[in-house]
1. What would the Debye formula give as log10 I(q)/I(0) at q = 0.07, 0.08 Å⁻¹ for the alpha-carbon point model of the chain, no solvent?
2. Identify the chymotrypsin sites (Phe, Trp or Tyr not before Pro) of the stretch 227-293 meeting these criteria: DSSP loop state and at most 15 other C-beta atoms within 10 Å of the C-beta.
3. Roll a 1.4 Å probe over the protein heavy atoms and report the accessible area of residue 29 in Å², nearest 10.
4. Could you work out what % of the accessible surface of the stretch 55-125 is carbon and sulfur, using a 1.4 angstrom probe and leaving DNA, RNA and ligands out of the count?
5. Compute the distance in nm between two label points, each set 7 Å from the Cα along the Cα-to-Cβ direction, one at residue 216 and one at residue 29.
6. With the cut-off at 24 Å, tell me which of the pairs 219/299; 29/152; 195/219; 152/340; 250/298; 108/133 have Cα atoms farther apart than that.
7. Nearest 20 debye, what's the magnitude of the dipole of the stretch 144-285 about its Cα centre given +1 on Lys and Arg Cβ and -1 on Asp and Glu Cβ?
8. May I ask you to evaluate 6.51 cos²θ - 1.76 cosθ + 1.60, the Karplus curve with θ = phi - 60°, for each residue of the stretch 125-136 and list the ³J(HN,Hα) values in order in whole Hz, giving x for glycine and proline?
Amino acid sequence: MADTKPMNVLGIETSCDETAAAVVQNGTKLLSNVVASQTEIHAQYGGVVPEVAARSHIEVMLPVVEQALAEAGVDWSGIDSIAVTHGPGLVGSLLIGTLTAETLAELKNKPLYPINHVQSHVYANFLIDTQPKFPLLALIVSGGHTQLVLFKDHGNYRLLGQTLDDAAGEAFDKVAKMLGLAYPGGPSIAAAALKGDDLAYPLPKPKLEGLNFSFSGLKTAVLRTAQQTAGKDYKLSSSELPKLLTEKQKHDLAASFQKTVVDILVNRTLEAYSQHQPTSVVIAGGVAANRLLRDELKKQLPAEISYAPINLCTDNAAMVASLGYFQAQIHQPVDYPDIKVAVNPVLSM
């Protein structure tokens, strides 16, 4: 008879500014999900400061792991393996997570699996009641990544397109800073856009071949438009420009920018769907929480779309643990006795 014992995976995620640990059973059942956010720390800088992020991870890493185990109702005897993000991300932040995972794997004698952060965002969608079916098309949109990926099965995927410059989430953060809106930019832009006219400022969309993305030109267009709107058609500092814009102008610029980004993401997803006819579509990453993006895809895409809960769209360790389970079915863990995970800040799909 086959062994039906459940497999509990401890996930650890420290790729940027969230210190996270979670326990997931069989890749689909969430037992715990703990995230210590640094958002308030970095808000004063208008973005993530790598050195500050790394130090903050050190302070809370072990307590977060202990809390994840406690909330899952398991001790180390109930953990079957460990999964940890090894890239992409900030090198200092990644090192804190991987060093923690290496040490725990050796001390507790647990197999260890390195996890691709971008790929793990897709696996947040396996933690909902109805899991997506293969082949699946994934639109991954976050602060550092904008990609279209076709998954034929677990571990069998192909990158269809990606951003050639700024990621969508990065553009949201930079435009929010231009307009004097709070960090992180995604929620701030979305809130301001609700009060604005999304047709007030026509903004350009890149003309690219294939399924790639580009947001750098759009970001620059917003800056130039904001400068002209403020009556200052020259370079202004990030602190000066917002003071010269009215609240209505900020709201209209936010709405016009958000609409243009969503149009770009939806159009590319529709192209990919038409070309590959997947069984299901997954929207993953922090920008997947954007309500306008969800609404437009629902209206325009003739397919079942999977969304993780909002708290699983942004960085978390539950998605890492979920992918860790499926990785364990097809890959060997890091070799014993020299447990070492190489971090890769620029790891791609």
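The values are calculated or read from the model by the stated rules, or taken from the named source; none is laboratory data. Keep in mind that what you see is a predicted model, and the values were worked out from it rather than measured. Ideal geometry is used to build each Cβ from the backbone, glycine not excepted, and the neighbour counts take in all protein chains shown. Ligands, DNA and RNA are excluded from the accessible area calculation, which covers all protein heavy atoms including side chains. Shrake-Rupley method; radii C 1.70, N 1.55, O 1.52, S 1.80 Å.
1. Taken in order of the listed q values, log10 I(q)/I(0) reads -0.30, -0.39.
2. Here the chymotrypsin sites (Phe, Trp or Tyr not before Pro) that fit, given the DSSP loop and packing criteria, are 234.
3. Counting only protein heavy atoms, the figure is 110 Å².
4. That share works out to 56 percent.
5. 4.8
6. Correct reply: 219/299; 152/340; 250/298; 108/133.
7. Numbers: 16 positive and 14 negative charges, 46 e Å.
Once rounded to the nearest 20, the dipole reads 220 debye.
8. Using θ = phi - 60°, the values come out as 7, 8, 9, 10, 4, 10, 6, x, 10, 8, x, 10 Hz.
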